[in-house]
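Notes follow once the structure below has been shown.
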Amino acid sequence: MGAIYENRIKGINSRYKKEIADKTNPLKLIGSLADVLKGDDVFIGVSGRAQLIDKDMVQSMNSRPIVFALSNPDPEILPSDALEAGASVVATARSDFANQVNNAVVSPAILRSLLILESRL
């Protein structure tokens, strides 16, 4: 697990991942997920992997980060752990946790926002 970046060989085994790698990561960050989260403001997880990030990774982010751990049924980090680590806003895709981000409603808006932002870069 780590940054998807242009010219990455390991883990870029489809044309779709290659396209994502070529169009994202404008800072050309390279390294593990722990490496690339350092100093970030926001984590949006859609990995499908439970416990992908931990408290130390959240603490390495900027002050009061936003953590959207949206994997379902098990988020990348439990909301309680993200909050204990200093996150200011935490959401999951699960209805049994507070601050559910419903993928049918919110995910299209997040994607549209990212596309708009990308067109301005």
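The values are calculated or read from the model by the stated rules, or taken from the named source; none is laboratory data. A quick note: this is a predicted structure, and the numbers were derived from the prediction, not measured. Cβ placement follows ideal geometry from the backbone for every residue including glycine, while neighbour counts extend to all protein chains displayed. For the accessible areas, the whole protein counts, side chains as well, though only heavy atoms, and no ligand, DNA or RNA atoms are used. Shrake-Rupley method; radii C 1.70, N 1.55, O 1.52, S 1.80 Å.
Only one residue of S47, Y16, I110 has its Cα farthest out toward the positive end of the dipole of the chain, where Lys and Arg carry +1 and Asp and Glu -1 on Cβ, and that residue is Y16. Of F43, F97, F68, which has the largest mean-square fluctuation in a 10 Å C-alpha GNM of the chain? Of F43, F97, F68, the Gaussian network model singles out F97 as fluctuating most.
Partners of K10 within straight-line reach, counting lysines whose Cα lies under 19 Å from its Cα and excluding those fewer than 8 residues away in the same chain: K18, K23, K28. Here the chain has 55 percent of its accessible surface on carbon and sulfur atoms, given a 1.4 Å probe and all protein chains in place.
Per residue, the accessible area of the chain comes to 67 Å², computed with a 1.4 Å probe over protein heavy atoms only. Within the shell of other residues whose beta carbon sits under 12 angstrom from the beta carbon of I30, the net charge comes to +1, with Lys and Arg scored +1 and Asp and Glu -1. Taking trypsin sites (Lys or Arg not before Pro) in DSSP loop conformation with at most 10 other Cβ atoms inside 10 Å as exposed sites, the chain has its longest uninterrupted site-free stretch at 29-121.
Between the residues L70, G2, L37, the greatest Cα displacement towards the positive end of the dipole of the chain, with unit charges on the Cβ of Lys, Arg, Asp and Glu, is found for G2.
Charges were assigned to the Cβ only: +1 to each Lys and Arg, -1 to each Asp and Glu. The resulting dipole of the chain about its Cα centre is roughly 500 debye. Candidate cross-link partners of K17 among the aspartates and glutamates, defined by an alpha-carbon separation under 13 Å and a same-chain spacing of 8 or more, comprise E6. Please check: in the Gaussian network model of the chain (C-alpha springs, under 10 Å), which one of S32, S14, S80 has the largest mean-square fluctuation. Comparing S32, S14, S80 in a Gaussian network model of the chain, the most mobile one is S14. Seen from A21, the other residues with C-beta closer than 15 Å to its C-beta sum to a net charge of +3, counting Lys and Arg as +1 and Asp and Glu as -1.
Using the Cβ of D54 as centre and a radius below 12 Å, the other residues enclosed give a net charge of -3, where K and R count +1 and D and E count -1.
When only Cα pairs below 8 angstrom with a gap of at least 6 residues are kept, the range 22-77 shows a relative contact order of 40 percent.
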